[in-house]
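To start, the structure itself, in structure tokens.
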Amino acid sequence: MASCALPLDSGSAIATPLFEAIPHRQCSRTEYDGQPISAAERHLLTTAGTGDGVRVVMLTQPTPIETVVDYVVRGNTAQLTNPAFRQELKTWIRFNDGVAKRTGDGLSGRTTGNPAAPSWLGKLLFKLLLRVQPENEKVARYIRRSAGIAVFVSDQNDRAHWVEAGRCYERFALQATALGIRNAFVNQPVEEANLRPDFAQALGLGTGRPDLVVRFGRGPEMPRSLRRPVDAVILPPSIPLSPEVN
């Protein structure tokens, strides 16, 4: 029998800038100011976003940015013309604060600057206003007004690297928050599986697998979607866990 327990030592709590940034981190789905960030800030973000078998590729020049725009628009078009995608997206939108407070989850319409509306009206407007061309124009403008794009690239396509890519993004997002830099996902080129290989080739990523695509820059803080407390979503185990394994 081998013990799973690890020895713990007492120590002093240390509040790092990334720790202090945790309650302020958010995906800011808004237009940024179009200004570049400094080389020192790019270095800090790159360091934070690099992990074991995962690197972050920082794109700030017009040519690669336009490549990202092209693939995001392709992916966005595929998603917005997919009835299943539209239906799932609609189920996650909370069209007014009353519904958001009742569910404690989802994407509040306030986070994208949309006014509150009764659910029946919001669902009707969703169907009428969520159109491919205007959405493509908006996402292209948002990308071009960003300071850059961060692409998180894994060496291997397996669970360990998927988790590590997520950890790298979280550190990147916390570092960005500590610097007053906003970020938001533009994952369409990797969410659409048929686009991912061509996207990787177009960016010259070699055998690397792009797992996450994130735009970043400075802009306003946005309203936050509500989230349930931890004790409401994590249940205690029904059977006590033993520190021993056979």
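The values are calculated or read from the model by the stated rules, or taken from the named source; none is laboratory data. Worth saying up front: this structure is predicted, and the values here are computed from it rather than measured. Glycine also receives a Cβ, built like all others from the backbone with ideal geometry; neighbour counts cover every protein chain displayed.
Check whether at least one residue in the stretch 150-166 is assigned to a helix (DSSP H, G or I) and more than 22 Å from the chain's Cα centre (by Cα), and report yes or no. Looking through the stretch 150-166, none of the residues is assigned to a helix (DSSP H, G or I) and more than 22 Å from the chain's Cα centre (by Cα). When THR30 is tested against (1) in a helix (DSSP H, G or I); (2) within 19 Å of the chain's Cα centre (by Cα), only condition (1) is not met.
Of the residues in the stretch 16-27, at least one is part of a loop (DSSP other than H, G, I, E, B) and within 20 Å of the chain's Cα centre (by Cα). Considering SER146, SER225, the condition of being within 22 Å of THR30 (Cα to Cα), assigned to a loop (DSSP other than H, G, I, E, B) and at pLDDT 95 or above is satisfied by SER146 alone. Under the condition of being of a type outside the set (Asp, Glu) and either touching an Asp or Glu at 6+ places or on another chain (Cβ under 7 Å) or part of a helix (DSSP H, G or I) (or both), the residues counted in the stretch 67-118 number 33. Here GLY180 fulfils each of the conditions (1) without any contact (Cβ under 8 Å) to a residue 60 or more places away in the chain; (2) closer than 27 Å to ALA39 by Cα; (3) part of a loop (DSSP other than H, G, I, E, B); (4) in contact with a strand residue (DSSP E or B) (Cβ under 7 Å, 6 or more places away or on another chain) apart from (4). Tell me whether the stretch 159-182 contains one or more residues that are surrounded by 14 or more Cβ atoms within 10 Å (Cβ to Cβ), farther than 26 Å from ARG209 by Cβ and touching a His at 6+ places or on another chain (Cβ under 8 Å). Scanning the stretch 159-182 turns up at least one residue that is surrounded by 14 or more Cβ atoms within 10 Å (Cβ to Cβ), farther than 26 Å from ARG209 by Cβ and touching a His at 6+ places or on another chain (Cβ under 8 Å). Taken as a whole, the stretch 205-213 holds at least one residue that is loosely packed, with under 11 Cβ neighbours inside 10 Å and out of contact with any Ser or Thr (no Cβ under 8 Å at 6 or more places or on another chain).
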